[in-house]
Each structure stands twice: as structure tokens, then as C-alpha cells.
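Heads up: the structure comes next, in C-alpha cells.
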Amino acid sequence: MSWNPQYRSSKFRHVYGKAASKDKCYDCVPITCNVHDNHFCAVNPSFIAVVTECAGGGAFLVIPIKQTGKLDPHYPKVCGHKGNVLDIKWNPFNDSVIASCSEDATVKIWDIPNQLLKRNITTPKKELLGHSRRVGLIEWHPTADNIIFSSGYDYKIMIWNLDVEDAVVSMPVKILDAHKDVVLSMSFNTNGSLLATACRDRKIRVIDPRAGKVLQEGSYKSHKVNKVLFLGNMKKLFSTGTSCWNNRQIALWDQNDLSVPLLEEDLDGGSGLLFPVYDSDTHMLYVVGKGDGNIRYYEISPEKPYLNYLMEYRSHLPQKGIGMMPKRGLDVAACEIFRFYKLIPTKSLIEPISMIVPRRSESYQEDIYPLTAAAQPALTAQEWLNGINKGPLLVSLRPGSEVVDSLPQFLEPEPLPKALSQECGGGGRLSLEDKQKPREIEGVRKRLKMEGKLPKTDEKFISNGFDIFECPPPKTENELLQMCYRQKEEIRRLRELIVQKDVQIKQLELELKNLCTDTGN
């Protein structure tokens, strides 16, 4: 008889939520009373922005992240909109640039000074005019610089290129008009090549934004979708909504087949919206309830049952909106893997909530902090518009680490010209086409020669700045796990170096064959 364990082995099984103390909260913040279903809060390592009330238009506050405690009632605002602000988003590659959209049918881009605000900001850096009705959603592209998407109540999604000198931009580079009703949610996949949307017509769509083509479209009669989310590179979508009995519901979908959900589960009978938040580094999914104080969190796995419930953070204070700190702003010394900023309008309070993995060691825990997205774009706006896709640049959260490419160039050899990549028996000399590219071939040869001149005497097997042959033997289970992860990484690096050497061998054999042919002639 086989025995199936009741609990899965997971290093995130005991994650718990910890609310910040009163002195680390933001008090006396006039949070907006708008009933629009958005986060109303945006956070980066330098600032926290929150939508507020303003007479005669819309406004939001930008507070330095370290300025906790009571807020001055006369604190300056960013107040250039003529209608209520509905959404705000920080530029992922510039902590001083924020975008906002409003009921006045405009999108504005703002430059925020590094020092404390001394007066209201009323003049935006750029103004995007194109929607005919109010704009409810904005999203920055995850890997391309200065590309932003906006969705309005005119049922259109517009793609804007901010790499222009004009202060007022009235022509988007692309308009997506595949929707027949209001778009409720937008989400990108990891490299930004696909866009998933949830619409008020109850349909989920997967769209190629540059081609404007709907790749997948589906709806399910027992699931009325409100929010949709790409789950990283798992080729799955996660949605929240309501069932036919008006219960709050979650569903998991195959990205390539939206006819029937892979999983569907009723949570409770609450009336508030559910905001899904996915951490692709830890594969943890957070479901934040609007109008209650709960944050449920799950772990996503590629095989069934796909969604593994971990725990629930509970509070008696209901949240109206939520902000999420990027991973580069977390406290790694406290084993913090995520941080929410909870808007509590009944107390005019913003309360940080840290999700923590309990660990005894005070050293850097490499196994819970894989490489994460850096604050640098992988592509320019024009490169992405021309059809190039690239994953985000990665950075280690270890203090003092530098940004690395999503696929390190020194580990992945560039494709060689056709004649240089042929097998020895597959033809002898360089073709006429390759003879016409002497600079390209010579560049490849020089690069291979330079790689062959690297000093061998000083070579060390180092993974993330750690010499695996000079370390003391592991004394605890946690140290043993860290050693295991480091050795796996080193094995992966060595395998890719072997592949690179094989390419060099083939290239040299082909050059030798060409030389022999020349000598015979």
C-alpha cells in the first residue's frame, strides 16, 4: 500500500504576514473615496503614491518611503487632472517617473523630485490625449523602456511611445479595439509579448499587442471574471470574479485553451473585489480582498493540483486598496519576500504588511531570493515595436550585486555564420555569401581567440561570489540546502561552458579543413 504525505515539502509553507508597528505606518493620509475598482496605491523603493481627494479635480500624494508617521495636512499634492484620478503606476525603470489616468480622459506622466515636495505639482512632463471617455487602467511594459498601455471606457486599449520630444502626444502607436465593453483588467506575460485582458462582457482574451490580434478568447458561464493575471512563464492565467451564486471565486486557465478552466474554486460570500498578485520569483500567489482585511496566499505548481493553499493573513481593518513593493525594495536581512501597503480609509492610515519566511540564520538566504527583475529596461521602445522580445534583466538581491542579462552572454554563444557551424563532412569551403561577410566572420574568430586567452591559473569555480571549494562543511540543514543550490548553479554553468567549447572545436575543425583544401589546390 502506498503512502501519500498530507503536507507538501515547501520552504514557503510557514510564511506569515506581519503588520508594521504604528510608528512605521503612514497616518493622517486622506485616502480617496472613489468606488472605482483599482489599487489606488503605487510603491517603489523611493516613494509611495496614493490617490486622494482634491477640490475641483483629481490628485494624488507622493510621500518619500522613509517619511512615516503623521502626514502634514497641508502636504503638497500632484494635482493636474480635471477629473478624479482612477489609476497610478510608477515607471519600473525610473523611480522618479509616475503615470496617472483620470476621468478627464487623459494620461499624464509626472517627474517627481528626489527631495521633499514643497509645493503642488500641476504641470506634467507629458500628456497623452487619445481616449474619448475616461481612462480607467494604465500599465507600463515590463521589459521595454517608455512603453505604456492605457485602457478607457471607450472600449479601446492604446499603446503609447514616450520616446518623443513632444509634451503633448495625441497619436498612439497602436490602438487595440478587440473589446465590445469596458476592460476591467490588463496583465503582461514575463517578456511583454502577450497581453491578457478581462472585460465586462465576461470574456478573457489573450492578445498579441503589436499585431492587434486576439490569440485566445474564452468565457465560462459559471465564472464572471473581474481581474486576470499572467502567472509568469507557466503558460497559465489566474482570474478572480464571482460565481453564478454571487460567491467570490478564483479560477486557473491554460493560456492556450480558455474554453474550460483548469481549476475553479469558491472562496466566500463576500461582496468586495479580489485583487490577485503574483510573485514569479517564489511562485507565490496572493489574493487580496477589497472591503475585508484578509490576504490569502497560495503556491503555484506546474502539475496538479496547480494551486496549493498556504495560509491567510487576517485583520479586522478592511482595505480599500493595496500597494506592492518591488522585490529590490525588500528587507532581505529579515527574510522578507513580499510587502504590501494596505489602505485603510476608516483610519486614514497606510499600513505596511511584510510577508516573512521564518529563518533562524541572519545571513543572506539565497534559496528564497532567486534572481529578480532589475530596474533597467531590456529593450528600447523602438526595438520592442520592431518585434523584438526579451526577458527582463535580472539582479541578485544580495547586497552589492550587479545586474546581469536574462540570458548571460558569456554562457550562451552567439550563432556562428552558416559555414562556420557546418559539420566536417557537410561541405568544405566558405560559400560566396559568407565571403561577402568578412567583418562578421572575423569578429567571431577574434571573440573566440580572446576567450581562449583567458588565464587558467587564476581560474576559480565561483557561484554568486562564493568559492565552493574553500567553504567550511555545512553544519545545519539550511546551510546544506544553500550548498546544494550553489552546486546546481555551478553544474549548469559548466555544462554551458562545455557547449561553448564544442562550438569552438567545430569552428577550428572547419578552418583546418579549409586550410587543407587551399594547400591541395
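Computed over neighbours whose Cβ is under 15 Å from that of Arg133, the net charge equals -1, Lys and Arg +1, Asp and Glu -1. The distance between label points at Thr517 and Asp331 comes to 6.7 nm (points 7 Å beyond Cα on the Cα→Cβ vector). By the Cα gyration tensor, segment 16-373 has an equivalent ellipsoid whose semi-axes, rounded to whole angstrom, run 28, 27, 20 from largest to smallest. Any of Lys327/Lys488; Lys290/Lys347; Lys11/Lys327 with alpha carbons more than 22 Å apart? Name them for me. Check vs 22 Å cut-off fails for Lys327/Lys488. Centre-to-centre separation between the Cα atoms of segment 319-346 and those of segment 215-278: 24 Å.
Whenever you get a sec, compute what percent of the accessible area on segment 16-373 sits on carbon and sulfur atoms (1.4 Å probe). Carbon and sulfur atoms account for 48 percent of the accessible area of segment 16-373.
The value for segment 190-333 of Rg(Cα) / (2.2 N^0.38 Å) is 1.05.
Here the simple spin-label model places points 7 Å from the Cα toward Cβ, and for Ser10 and Glu312 these points are separated by 1.6 nm.
Name the residues of segment 137-168 whose amide N is less than 17 Å from a point 7 angstrom out from the Cα of Thr123 along the C-beta direction? Under cut-off, by backbone N: 165-168. In segment 16-373, the DSSP beta bridges split such that about 95 percent are antiparallel, to the nearest 5. Distance from the alpha carbon centroid of segment 12-66 to that of segment 114-149 works out to 18 angstrom. Excluding Ser348 itself, what net charge comes from residues whose Cβ is under 12 Å from its Cβ, given Lys and Arg +1 and Asp and Glu -1? Its environment carries a net charge of 0.
Restricting segment 303-362 to trypsin sites (Lys or Arg not before Pro) that sit in a DSSP loop and have at most 14 other Cβ atoms within 10 Å of their own Cβ leaves Arg314, Arg360. Note on Lys174 and Ser363: the model spin-label points, each 7 Å out from Cα along the C-beta direction, lie 4.7 nm apart.
The values are calculated or read from the model by the stated rules, or taken from the named source; none is laboratory data. Owing to the predicted nature of the structure, the values given are computational and were not obtained by experimental measurement. Ideal geometry is used to build each Cβ from the backbone, glycine not excepted, and the neighbour counts take in all protein chains shown. Areas reflect the complete protein model, heavy atoms only, side chains present, ligands, DNA and RNA absent. Shrake-Rupley method; radii C 1.70, N 1.55, O 1.52, S 1.80 Å.
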